[in-house]
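Quick notes on the structure that follows.
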Amino acid sequence: MSTISIIGSGGMAAAIGGLAAKAGHTVEVMGRDAAKARALAEQLGAGATTGTFGAAPAGDIVILAVPYPAVLDVVKRYGEGLAGKLLVDITNPIKSDFTGFLTPEDSFGAQEIAKAAPANADIVKAFNTLFPHVLAAGPVEGRPLDVFIAGDDARAKARVSAFIESLGLRPMDVGELPMARTLEHACMLMLGLLTHSVKHTNFSLGVRLLG
């Protein structure tokens with residue numbers, strides 16, 4: 001098992017951190033609000049620790065679990081502390097009224113993060129199509145939840161896939177980093193279903209293999 005650093009202390013940080021701690025990983029929690037970070041680390045248990053916000057994370061895998069409007073400033077704040085790290089982007093750059101995206105028309109969230117991060121950091125999109133409470137609950141009727149991933153570096157994606165599998169989830173590779181744009185649109189699809197069809201958040205997107 002490995003050390004996983006999570007920047008953020010909200011619902012997704014708690015869900016991923018909880019699964020990681022249960023799976024035997026060492027979890028480090030970092031956040032602007034040190035009290036919230038400590039509270040989450042205590043909630044996770046299993047030796048979870050807190051790090052100093054802005055200091056180099058202890059883990060080689062760093063989960064960016066902050067809202068998209070804050071993530072670029074956070075990445076810039078950490079700067080070279082993220083050099084050589086594998087950054088897992090779980091964000092969705094969607095406007096609060098669900099009418100569109102916060103990114104430039106010719107770009108997407110993961111690409112903007114890649115621009116802000118050190119050149120030798122690897123970026124992998126993952127976890128952005130799961131609601132926190134659904135992720136925290138884990139498998140449904142014995143079937144693992146699907147986690148779609150996108151990234152340019154095959155070894156980085158293999159490491160993220162292994163991490164996802166260790167959590168009892170199923171990684172589904174959708175291609176190189178530009179496919180992260182499609183995953184961000186998939187979140188918009190989920191919000192459309194939530195608003196107009198399903199009317200609750202107790203669902204997930206997944207793949208069912210036939211035959």
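The values are calculated or read from the model by the stated rules, or taken from the named source; none is laboratory data. This is a predicted model, so every value here is computed, not measured. With ideal geometry, Cβ positions are generated from the backbone for all residues, glycine too; neighbour counts draw on all protein chains shown.
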Among the candidates Arg208, Arg181, Arg159, which residue alone is touching a Phe, Trp or Tyr at 6+ places or on another chain (Cβ under 6 Å) and not acidic (Asp, Glu)?
-> Arg181
Could you please tell me which pairs satisfy a Cβ distance under 6 Å, a separation of 6+ or placement on different chains, a first residue in the range 173-200 that is charged (D, E, K, R), and a second residue that is surrounded by 12 or more Cβ atoms within 10 Å (Cβ to Cβ) and not in a helix (DSSP H, G or I)?
-> Asp173/Ile149; Glu176/Asp152; Arg181/Phe108; Glu184/Asn92; Glu184/Phe108
Can you name the number of the only condition in (1) closer than 24 Å to Ala21 by Cβ; (2) at pLDDT below 95; (3) acidic (Asp, Glu) that Glu141 fails?
-> (1)
For the range 99-107, state whether one or more residues are closer than 24 Å to Ala136 by Cβ and among the charged types (D, E, K, R).
-> no
Got a sec? Which helices (runs of 4 or more DSSP H) wholly within the range 8-118 have at least 2 residues that are within 30 Å of His196 (Cα to Cα)?
-> 11-22, 68-78, 109-116
Some residue of the range 184-198 being in contact with a helix residue (DSSP H, G or I) (Cβ under 8 Å, 6 or more places away or on another chain) and either farther than 24 Å from Gly24 by Cβ or modelled with pLDDT of 95 or more (or both) | yes
Output for the range 122-151, where each listed residue is more than 22 Å from Gly192 (Cβ to Cβ) and touching a Phe, Trp or Tyr at 6+ places or on another chain (Cβ under 9 Å) = Ile149
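Condition check ((1) in contact with a helix residue (DSSP H, G or I) (Cβ under 9 Å, 6 or more places away or on another chain); (2) in a helix (DSSP H, G or I); (3) over 24 Å from Ala70 (Cα atoms)) across all residues:
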{"residue": "Asn120", "(1), (2), (3)": "no, no, no"}
{"residue": "Phe127", "(1), (2), (3)": "yes, no, no"}
{"residue": "Ala136", "(1), (2), (3)": "yes, yes, no"}
{"residue": "Ala150", "(1), (2), (3)": "yes, no, no"}
{"residue": "Lys157", "(1), (2), (3)": "no, yes, yes"}
Among the residues of the range 82-101, which ones are surrounded by fewer than 18 Cβ atoms within 10 Å (Cβ to Cβ) and either out of contact with any Ser or Thr (no Cβ under 9 Å at 6 or more places or on another chain) or of a type in the set (D, E, K, R) (or both)?
-> Ala83, Gly84, Lys95, Ser96, Asp97, Thr99, Gly100
From the list Asp153, Asp173, Asp122, pick out the single residue that is touching a Leu at 6+ places or on another chain (Cβ under 6 Å) and of a type in the set (Asp, Glu).
-> Asp122
Within the range 113-142, residues within 28 Å of Gly81 (Cβ to Cβ) and over 15 Å from the mean Cα position of the chain (by Cα) come out as Lys115, Ala116, Ala117, Pro118, Ala119, Asn120, Ala121
Taking into account only those residues within the range 159-182 that are among the hydrophobic types (A, V, I, L, M, F, W, C) and either touching a Cys at 6+ places or on another chain (Cβ under 7 Å) or in a strand (DSSP E or B) (or both), which is surrounded by the most Cβ atoms within 10 Å (Cβ to Cβ)?
-> Met172
Residue list for the range 145-168, filter: touching a residue at least 24 places away in the same chain (Cβ under 8 Å) and either closer than 17 Å to Asn202 by Cβ or among the polar types (S, T, N, Q) (or both) = Leu145, Asp146, Ser166
